[in-house]
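> This structure is in structure tokens; I'll ask about it shortly.
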Amino acid sequence: MPAASLGDQGHSGTESLPSQHLQPTWVKDELMDEKGKEKEKDPKYWRDQAQETLKYALELQKLNTNVAKNVIMFLGDGMGVSTVTATRILKGQLHHNPGEETRLEMDKFPFVALSKTYNTNAQVPDSAGTATAYLCGVKANEGTVGVSAATERSRCNTTQGNEVTSILRWAKDAGKSVGIVTTTRVNHATPSAAYAHSADRDWYSDNEMPPEALSQGCKDIAYQLVHNIRDIDVIMGGGRKYMYPKNKTDVEYEIDEKARGTRLDGLDLVNIWKSFKPRHKVACVGAMWLPRWPLMHSHFIWNRTELLTLDPHNVDYLLGLFEPGDMEYELNRNNVTDPSLSEMVVVAIQILRKNPKGFFLLVEGGRIDHGHHEGKAKQALHEAVEMDRAIGQAGSMTSLEDTLTVVTADHSHVFTFGGYTPRGNSIFGLAPMLSDTDKKPFTAILYGNGPGYKVVGGERENVSMVDYAHNNYQAQSAVPLRHETHGGEDVAVFSKGPMAHLLHGVHEQNYIPHVMAYAACIGANLDHCAPASSAGSLAAGPLLLPLALFPLSILF
Ligand SMILES: [Zn+2]
């Protein structure tokens with residue numbers, strides 16, 4: 001059924017619909033779509049497709065038990081299952097297809113599990129407690145990062161002794177390169193659990209900390225980013241202002257006071273980051289040490305042009321901070337100053353993969369969550385499409401033989417879509433009928449709560465009077481809230497590569513890093529691993545690596 005008539009069905013008859021809903025972008029490919037629909041009428045089409053899938057599933061019985069030299073974790077903040085499905089449809093519709101049949105990059109992963117996301121003190125979790133679970137392997141209280149549940153939120157004096165380390169640290173300790181790429185501030189909840197230990201996720205810089213916490217000796221998260229693990233190889237995202245002294249003018253937004261530095265302690269953390277980086281590698285060739293060779297290259301960058309003109313072969317350490325706070329939404333992105341998530345991921349992998357011992361990379365599509373909190377489903381879904389693009393890029397740069405890739409979310413949102421929409425309905429479109437109660441049309445996408453609750457003249461707003469396909473349209477919600485909330489149901493975990501099959505069934509969220517570490521032979525559980533100098537299958541005997549250059553990143 002063409003979308004134009006669907007729009008008419010959802011139309012009350014007296015108001016006119018915004019024109020873009022009468023002509024969704026894929027309508028111009030109607031011929032192709034009609035052909036596709038003809039195919040779907042033939043039972044052979046579905047049987048053949050299912051048999052192909054079955055053949056592939058049977059292949060999966062041969063398990064990949066290689067050692068994961070590399071581990072990449074993609075974290076879609078707030079990317080619940082309903083968001084994944086809607087993202088899939090959007091991706092298809094952006095390619096002028098109906099959308100439901102489209103496959104996301106993550107859909108192609110062979111193994112899927114469900115992750116139980118609750119925090120130790122919260123049925124519906126937040127991004128901090130969950131990040132501690134899927135990065136450090138330990139469930140924690142909401143609002144806390146890199147500490148066990150013995151730490152209470154905002155209580156600095158409950159931190160000491162309760163710190164827990166992350167898989168990023170385990171990878172670094174094992175000699176791998178490590179990286180963090182996010183679209184939020186690099187000291188936001190998700191990335192911070194990789195390197196920080198903080199009783200409060202909001203302690204971005206000392207400016208955001210209460211005097212009591214400062215006097216008790218707790219350090220802000222930006223400070224910890226630079227000091228805790230001094231040789232994180234790649235850090236990219238937003239968050240410049242937390243790195244600089246209070247009131248220091250921002251390099252990009254010179255007249256914007258909100259973009260200025262925030263630090264009360266007057267530190268310039270970018271300079272400190274640079275000062276911690278080794279100037280030279282110390283290389284060992286056979287029995288000979290070759291000191292002061294070659295040079296190590298550390299780069300601080302703040303815009304897209306700098307990123308895209310970097311020569312990854314000449315970059316050992318990269319700090320890219322592209323915005324004072326979070327990065328812009330993908331739909332609003334300035335293509336000159338701000339890189340996309342997938343552009344950042346490509347450069348990160350190019351730098352990290354130079355290490356013969358492999359790498360761990362955390363990638364966060366961090367603003368899916370923000371779009372949902374604002375009730376702006378279109379922003380959220382475009383963020384998720386971009387993360388899926390990054391997953392595809394990473395897949396094309398790595399091999400299933402030696403790279404474990406995990407895609408998951410920290411928690412869901414009270415985001416849903418329904419209303420018996422027909423096949424190919426614009427994901428941002430209307431349901432094909434009026435409410436049988438208030439006689440008004442409604443969008444397929446709705447939120448359980450949030451800022452989209454609108455009453456006009458004592459009645460639910462008539463959505464056909466507004467541009468519900470606008471980038472910033474706030475979908476209707478059942479309960480008015482300034483910020484839409486997280487959802488409490490399980491989220492999906494997609495995995496591929498060595499030991500991906502261990503992510504299966506329904507598991508606690510803190511199980512995930514234990515699997516990633518087991519697959520990579522890092523962390524505490526190493527009994528199944530061959531000696532460090534060997535490679536290959538976990539079950540296989542040792543294979544000696546060729547005696548090659550092993551650069552040691554130490555100060556010289
Ligand atoms: Zn959130």
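> Determine if segment 293-304 includes at least one residue that is modelled with pLDDT under 95, within 24 Å of Arg169 (Cα to Cα) and aliphatic (A, V, I, L, M).
Within segment 293-304, one or more residues are modelled with pLDDT under 95, within 24 Å of Arg169 (Cα to Cα) and aliphatic (A, V, I, L, M).
> In the list Val84, Val124, Val71, which residue meets the criterion of being of a type in the set (Val, Ile, Thr), in contact with a strand residue (DSSP E or B) (Cβ under 7 Å, 6 or more places away or on another chain), outside any helix (DSSP H, G or I) and within 16 Å of His486 (Cβ to Cβ)?
None of the other options fit; the residue is Val124.
> Are there any pairs with C-beta distances below 7 angstrom linking a residue in segment 253-282 that is more than 13 Å from Tyr242 (Cα to Cα) to a residue that is modelled with pLDDT under 95 and of a type in the set (D, E, K, R), with the two at least 6 apart or on different chains, and if so which?
His280/Arg292
> Could I ask something else about it? Of the residues Leu503, Leu538, which is in contact with a Ser or Thr (Cβ under 7 Å, 6 or more places away or on another chain), modelled with pLDDT of 95 or more, closer than 23 Å to Leu135 by Cβ and not charged (D, E, K, R)?
Within the list Leu503, Leu538, the selection yields Leu503.
> Here is a further query. Residues that are surrounded by fewer than 24 Cβ atoms within 10 Å (Cβ to Cβ), at least 2 per element: which helices (runs of 4 or more DSSP H) completely within segment 166-245 meet that?
The qualifying helices (runs of 4 or more DSSP H) are 167-173, 211-215, 221-227.
> Taking the condition buried (at least 24 other Cβ atoms within 10 Å of the Cβ), away from the ligand (no atom under 16 Å from the Cβ) and farther than 14 Å from Asp77 by Cβ, does Leu361 pass?
Yes, satisfied.
> Now a separate question. Scan Ala444, Ala377, Ala409 and give me the residue that is in contact with a strand residue (DSSP E or B) (Cβ under 6 Å, 6 or more places away or on another chain) and closer than 30 Å to Thr65 by Cα.
Residue meeting the stated conditions: Ala409.
> Pull up segment 91-126, narrow it to residues that are surrounded by fewer than 20 Cβ atoms within 10 Å (Cβ to Cβ) and of a type in the set (A, V, I, L, M), then point me to the one that is nearest to the ligand (Cβ to nearest atom).
Val124
> Also, I was wondering about something else. I want to confirm something. Restricting to segment 293-317 and keeping residues that are outside any strand (DSSP E or B) and among the polar types (S, T, N, Q), which single residue is surrounded by the most Cβ atoms within 10 Å (Cβ to Cβ)?
Asn303
> Among the residues of segment 369-383, is any assigned to a helix (DSSP H, G or I), in contact with a Lys or Arg (Cβ under 6 Å, 6 or more places away or on another chain), charged (D, E, K, R) and within 16 Å of the ligand (Cβ to nearest atom)?
Yes.
> How about segment 401-481: which strands (runs of 3 or more DSSP E) wholly inside it have at least 2 residues that are surrounded by 23 or more Cβ atoms within 10 Å (Cβ to Cβ) and touching a residue at least 24 places away in the same chain (Cβ under 8 Å)?
Hits in segment 401-481: 403-409, 445-450.
> Do the conditions hold for Asp42, that is, is it of a type in the set (D, E, K, R) and within 16 Å of the ligand (Cβ to nearest atom)?
Considered against the rule, which asks whether it is of a type in the set (D, E, K, R) and within 16 Å of the ligand (Cβ to nearest atom), Asp42 comes out as no.
> Residues being part of a loop (DSSP other than H, G, I, E, B), within 17 Å of the chain's Cα centre (by Cα) and not polar (S, T, N, Q): count how many of those fall in segment 339-361.
1
> Right, next: Within segment 60-90, track down each residue that is within 16 Å of the ligand (Cβ to nearest atom), touching a Leu at 6+ places or on another chain (Cβ under 9 Å) and among the aliphatic types (A, V, I, L, M).
Correct list: Leu75 only.
> So, of the residues in segment 436-493 that are of a type in the set (Ser, Thr, Tyr) and within 24 Å of the chain's Cα centre (by Cα), which turns out to be farthest from the ligand (Cβ to nearest atom)?
Result: Tyr473.
> Output the residue which, of all residues in segment 392-419 that are within 16 Å of the ligand (Cβ to nearest atom) and of a type in the set (A, V, I, L, M), is farthest from the chain's Cα centre (by Cα).
Among those residues, the one meeting the criterion is Val414.
The values are calculated or read from the model by the stated rules, or taken from the named source; none is laboratory data. Computed from a prediction, not measured in an experiment: that's the story for all the values here. For neighbour counting, all protein chains shown are included, and Cβ atoms are generated from backbone atoms with ideal geometry for every residue, glycine included.
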